[in-house]
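Presented below is the structure to which this report refers.
The values are calculated or read from the model by the stated rules, or taken from the named source; none is laboratory data. Only a predicted model underlies this, so the values are computations on that prediction, with no experimental measurement involved. Glycine gets a Cβ as well: all are built from the backbone with ideal geometry, and neighbour counts include every protein chain shown.
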Amino acid sequence: MIKLIACDLDRTLIPNGYELDDNGLEIFSRVAKTRNFTLAYVSGRNWELFEEARKEFPLPLPDYFFGDVGTILYKKDGDGMVEDKTWFSYIDKNTPNWNWNAIAKMTTHQEARLQEEWRQNAYKLSYYVDDISMGEQVTDEMRKILAETNINADVIYSIDPLKKVGLIDILPKIATKVTAVEFLRERLTINKDEVIYCGDSGNDILPLTFGYKSVLVANASNEMKDNVRILNNKNGNEQNLYIAEGNEALNGNYAGGVLEGLVHFGALKPNQIEI
Ligand SMILES: [Mg+2]
């Protein structure tokens with residue numbers, strides 16, 4: 001029986017990619033109202049951007065929201081959500097030498113400027129790199145500096161394609177999408193095979209190949225589909241992976257693909273997602 005459904009947001013539940021959307025999120029939202037499973041979002045969005053998404057899209061309120069690339073946790077509280085500090089304590093325990101100010105000092109770089117204060121949090125230090133051609137190099141230099149310390153940090157580089165700016169996030173190694181789901185799974189005493197993870201790209205690879213039941217939405221790139229398929233085959237997990245293809249009712253993109261996967265794994269009955 002499925003007890004926990006963990007979903008990436010952008011281009012997984014939220015239809016904000018280039019592929020066609022067919023209003024799967026409206027159906028998901030309806031289904032979520034009477035859910036008999038715990039719903040968690042695991043997203044790169046911080047709290048403010050999550051609230052913006054909730055204004056723009058019919059995104060149901062989850063039971064848990066891991067945001068800011070896995071460095072914050074909010075839990076449902078009545079009709080709203082409140083910050084859950086237990087996740088902070090967990091990160092803290094596993095990253096005892098984390099010190100935001102010290103990291104900021106040692107990673108100061110002439111090609112990198114600190115992002116706005118609201119984009120930072122106690123366990124996330126973020127920079128902009130305005131010259132994208134320097135992004136990888138700056139990231140490597142920061143990685144090298146941190147590797148020589150006893151701080152267990154990851155330096156992650158990505159590009160904001162709209163603003164054409166490089167983004168560097170320095171995070172505790174323990175704060176990943178998989179450790180977030182594992183934290184929740186332990187807290188709720190749920191088995192691995194009672195979890196479904198749904199995603200579409202990059203940082204979803206880990207949770208999609210970790211041994212949960214996994215749903216890859218149809219709008220994921222072919223490269224992503226191949227990677228996830230190969231890794232699951234290698235781990236003997238092929239029966240745990242479902243790649244949405246679409247059907248007469250829903251085209252398999254975004255929330256439509258999530259619904260297709262939830263039906264495949266028996267978390268929903270086919271008649272629950274009829275339009
Ligand atoms: Mg995504």
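Among what's in the stretch 53-76 and is in a strand (DSSP E or B) and among the hydrophobic types (A, V, I, L, M, F, W, C), pick the residue that is nearest to the chain's Cα centre (by Cα). Outline the logic, then answer.
Taking the stretch 53-76 as the starting set, the residues that turn out to be in a strand (DSSP E or B) are 64-67, 72-76.
Within this subset, residues satisfying the condition of being among the hydrophobic types (A, V, I, L, M, F, W, C) are 65-66, 72-73.
Values: Phe65: 10, Phe66: 8, Ile72: 12, Leu73: 12 Å.
Across the stretch 53-76, the extreme among qualifying residues is Phe66.
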* Pairs only if they're at least six apart or on different chains, beta carbon under 8 angstrom, first in the stretch 193-215 and under 18 Å from Thr38 (Cβ atoms) and modelled with pLDDT of 95 or more, second within 12 Å of the ligand (Cβ to nearest atom) and among the acidic types (Asp, Glu); list them, first residue then second. => Tyr197/Asp204; Cys198/Asp8; Gly199/Asp8
* To do: State whether the residues of the stretch 230-240 include one that is among the charged types (D, E, K, R) and part of a loop (DSSP other than H, G, I, E, B).
  => no
* What do you reckon, is Ala255 assigned to a helix (DSSP H, G or I), under 18 Å from Ile14 (Cβ atoms) and assigned by TED's automatic domain parsing to the domain that holds Arg11? -> yes
* Would you point out the residue of the stretch 86-98, among those that are touching a residue at least 12 places away in the same chain (Cβ under 8 Å) and exposed (fewer than 13 other Cβ atoms within 10 Å of the Cβ), that is farthest from Phe65 (Cα to Cα)? => Asn97
* Asked: Can you tell me which residues in the stretch 3-40 are of a type in the set (Ser, Thr, Tyr) and either loosely packed, with under 15 Cβ neighbours inside 10 Å or touching a strand residue (DSSP E or B) at 6+ places or on another chain (Cβ under 8 Å) (or both)?
  -> Thr12, Tyr18, Thr34, Thr38
* Asked: Given the conditions (1) of a type outside the set (Ser, Thr, Tyr); (2) within 14 Å of the ligand (Cβ to nearest atom); (3) on the phi > 0 side of the Ramachandran plot, and given that Ala6 satisfies all but one, which numbered condition is not satisfied?
  -> (3)
* Residues that are among the small types (Gly, Ala, Ser) and at pLDDT below 95, drawn from the stretch 94-122 -> Ala122
* To do: For residues that are over 30 Å from Ile159 (Cβ atoms) and within 14 Å of the chain's Cα centre (by Cα), tally how many sit in the stretch 197-242.
  => 0
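Given Arg45, Arg54, Arg35, Arg30, which one is within 16 Å of the ligand (Cβ to nearest atom) and not assigned by TED's automatic domain parsing to the domain that holds Ser126?
Values: Arg54 fails: within 16 Å of the ligand (Cβ to nearest atom); Arg35 fails: within 16 Å of the ligand (Cβ to nearest atom); Arg30 fails: within 16 Å of the ligand (Cβ to nearest atom).
Residue meeting the stated conditions: Arg45.
Per-residue answers, yes or no, for (1) within 14 Å of the ligand (Cβ to nearest atom); (2) closer than 21 Å to Tyr254 by Cβ; (3) crowded, with 20+ Cβ neighbours inside 10 Å:
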site	(1), (2), (3)
Asp130	no, no, no
Ser133	no, no, no
Met142	no, no, yes
Glu148	no, no, no
Asn152	no, no, no
Ile170	no, no, yes
Arg185	no, no, yes
Asp204	yes, yes, yes
Arg229	no, yes, no
* Does Tyr18 count as modelled with pLDDT under 95 and not acidic (Asp, Glu)? -> yes
* Asked: Which condition breaks for Gly166 when tested against (1) in contact with a Gly (Cβ under 9 Å, 6 or more places away or on another chain); (2) within 16 Å of the ligand (Cβ to nearest atom)?
  -> (2)
